[in-house]
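The values are calculated or read from the model by the stated rules, or taken from the named source; none is laboratory data. These numbers were taken from a predicted model, which means no experiment stands behind them. For neighbour counting, all protein chains shown are included, and Cβ atoms are generated from backbone atoms with ideal geometry for every residue, glycine included.
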Amino acid sequence: MNRVVGLGEWVCSGNQVETITTFSLSTCVAVTAYCPVKKVAGLIHIVLPQPLSAKDEVKRPGHFATTGVPLLIRKMVEQFGCRKDNLIIQLFGGAQPKKRDYFRIGSRNLEQVQLMLQRMNIEPIKAEVGGHVSRTLMMSVKTGEIKLSTLPLSS
């Protein structure tokens, strides 16, 4: 069974037959979390570094690094009983468009995600980020293994 994570969405699962997928990460950042002890996987698709308003923060917490990263970790710990120390964290996305990138969304997303993880004393084990590619990833709940495919961003 495949669970798809869209923009600003997140999924945490302990169902061993599931795969968690997110498509076409360019400037967006996916944060994956895996607990090998509990066999629980989680993924969030971050769209922007921080909310534009307090209303956005409440309505769409998964869209933003400042609210989404803590949300993912909290779900893994509180809902599934994972220990924060056991979580294997990986980062994907944060690409730069080939044309002028005035807003630097990809790099700002990455900076904010990394800052939020640092504040929680969590160090990602892998970061497949930046560049000029779109990334699609599939994560096995059973093993935590991630299959990644890339395509060049159009110019």
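Looking at segment 134-144 only, could you name the residues that are exposed (fewer than 15 other Cβ atoms within 10 Å of the Cβ) and touching a residue at least 60 places away in the same chain (Cβ under 8 Å)?
Once the filter is applied, which keeps residues that are exposed (fewer than 15 other Cβ atoms within 10 Å of the Cβ) and touching a residue at least 60 places away in the same chain (Cβ under 8 Å), segment 134-144 yields only Lys142.
Suppose we keep only residues that are in contact with a Cys (Cβ under 8 Å, 6 or more places away or on another chain) and not charged (D, E, K, R) within segment 77-93. Which one would you say is surrounded by the fewest Cβ atoms within 10 Å (Cβ to Cβ)?
Per the stated criteria, the residue is Gln79.
What is the residue count in segment 11-58 for residues that are surrounded by fewer than 23 Cβ atoms within 10 Å (Cβ to Cβ) and either among the aromatic types (Phe, Trp, Tyr) or without any contact (Cβ under 8 Å) to a residue 40 or more places away in the chain (or both)?
The total comes to 10.
Out of segment 94-133, which residues are surrounded by 13 or more Cβ atoms within 10 Å (Cβ to Cβ) and acidic (Asp, Glu)?
Those that are surrounded by 13 or more Cβ atoms within 10 Å (Cβ to Cβ) and acidic (Asp, Glu): Asp101, Glu111, Glu128.
For Gln90, indicate whether it is over 12 Å from Thr27 (Cβ atoms), part of a helix (DSSP H, G or I) and either out of contact with any helix residue (DSSP H, G or I) (no Cβ under 9 Å at 6 or more places or on another chain) or small (Gly, Ala, Ser) (or both).
No.
Determine whether segment 98-105 contains at least one residue that is closer than 30 Å to Leu153 by Cα, modelled with pLDDT of 95 or more and of a type in the set (Phe, Trp, Tyr).
Looking through segment 98-105, none of the residues is closer than 30 Å to Leu153 by Cα, modelled with pLDDT of 95 or more and of a type in the set (Phe, Trp, Tyr).
Would you pick out the residues in segment 61-76 that are under 16 Å from Val47 (Cβ atoms), surrounded by 22 or more Cβ atoms within 10 Å (Cβ to Cβ) and among the β-branched types (Val, Ile, Thr)?
Val69
Name the strands (runs of 3 or more DSSP E) wholly inside segment 1-64 in which the number of residues that are touching a Gly at 6+ places or on another chain (Cβ under 9 Å) is 3 or more.
Result: 10-13, 19-25, 29-35, 40-46.
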